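Working notes, beginning with the structure itself.
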Amino acid sequence: MEIDWDGLRAAAVAVMHRAYAPYSKFPVGAAGLVDDGRVVVGCNVENAAYGVVLCAECGMVSQLHATGGGRLVAMACVNGDGDPLLPCGRCRQLLWEQGGPRMLIDAEGGPVTMAELLPRGFGPAELAAVHGIE
Ligand code: THU
């Protein structure tokens, strides 16, 4: 599947400007390409109770399911300068389940795979191995 990285980065920058980040002043935007061609986006949303923060990737994954589901093929995530941002540990876990090991993440120097960002990650297969749940 052809990946329009410039388009994904532009979508991430556009949604980054919608971030609610009054505490960290670190806005983040994420744009994901779905296997049916859709582009889903999210921005970080902070809270006066600091630990309640929602990362941009969380919003993006919510939009993925809210608009019909599917598998994530690629994602561009940017900081307030529009530079590529690699997902935090919690978001790597979240993305692992929605995109799998071959999902591509935009990075300085070229895209990296989720397998590189979360080697030997825990996922649904581990549950299925014990409980037979898919
Ligand atoms: N943040 C994200 O939105 N995604 C990441 O992968 C890293 C961190 C947000 C959370 C918080 O609002 C701000 O960046 C500073 O940590």
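The set of residues in region 50-59 that are closer than 13 Å to E97 by Cβ and of a type outside the set (D, E, K, R) contains only C58. Within region 112-134, the only residue that satisfies the criterion of being within 20 Å of I3 (Cβ to Cβ) and either modelled with pLDDT under 95 or open to solvent by 70 Å² or more (accessible area, probe 1.4 Å) (or both) is E116.
Does V39 meet the test of being more than 16 Å from the ligand (Cβ to nearest atom), out of contact with any Cys (no Cβ under 6 Å at 6 or more places or on another chain), β-branched (V, I, T) and open to solvent by less than 10 Å² (accessible area, probe 1.4 Å)? In short, no. Tell me, please, whether a residue that is more than 10 Å from the ligand (Cβ to nearest atom) and of a type in the set (S, T, N, Q) can be found in region 46-62. So far as region 46-62 goes, yes, one or more of its residues are more than 10 Å from the ligand (Cβ to nearest atom) and of a type in the set (S, T, N, Q).
Listed here are the residues, each with its yes/no results for (1) outside any loop (DSSP other than H, G, I, E, B); (2) in contact with a helix residue (DSSP H, G or I) (Cβ under 8 Å, 6 or more places away or on another chain).
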residue: C58; (1), (2): yes, yes
residue: S62; (1), (2): yes, no
residue: P101; (1), (2): no, yes
residue: A107; (1), (2): no, no
residue: E116; (1), (2): yes, no
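Scanning region 83-111 for residues that are free of Cβ contacts under 8 Å to residues at least 12 places away in the same chain and either polar (S, T, N, Q) or open to solvent by less than 40 Å² (accessible area, probe 1.4 Å) (or both) yields a single hit, G110. Restricting the first member to region 17-38 and to residues that are at negative phi and of a type outside the set (A, V, I, L, M, F, W, C), and the second to residues that are away from the ligand (no atom under 13 Å from the Cβ) and open to solvent by 60 Å² or more (accessible area, probe 1.4 Å), the beta-carbon pairs closer than 6 Å and six or more apart or on different chains are D35/R71.
A count restricted to region 50-82 and to residues that are open to solvent by 50 Å² or more (accessible area, probe 1.4 Å) and either modelled with pLDDT under 95 or among the hydrophobic types (A, V, I, L, M, F, W, C) (or both) stands at 4.
The values are calculated or read from the model by the stated rules, or taken from the named source; none is laboratory data. A quick note: this is a predicted structure, and the numbers were derived from the prediction, not measured. FYI the Cβ positions are ideal-geometry reconstructions off the backbone, even for glycines, and counts take in every protein chain you see. Accessible surface is based on the protein model in full, side chains and every heavy atom, while ligands, DNA and RNA are left aside. Shrake-Rupley method; radii C 1.70, N 1.55, O 1.52, S 1.80 Å.
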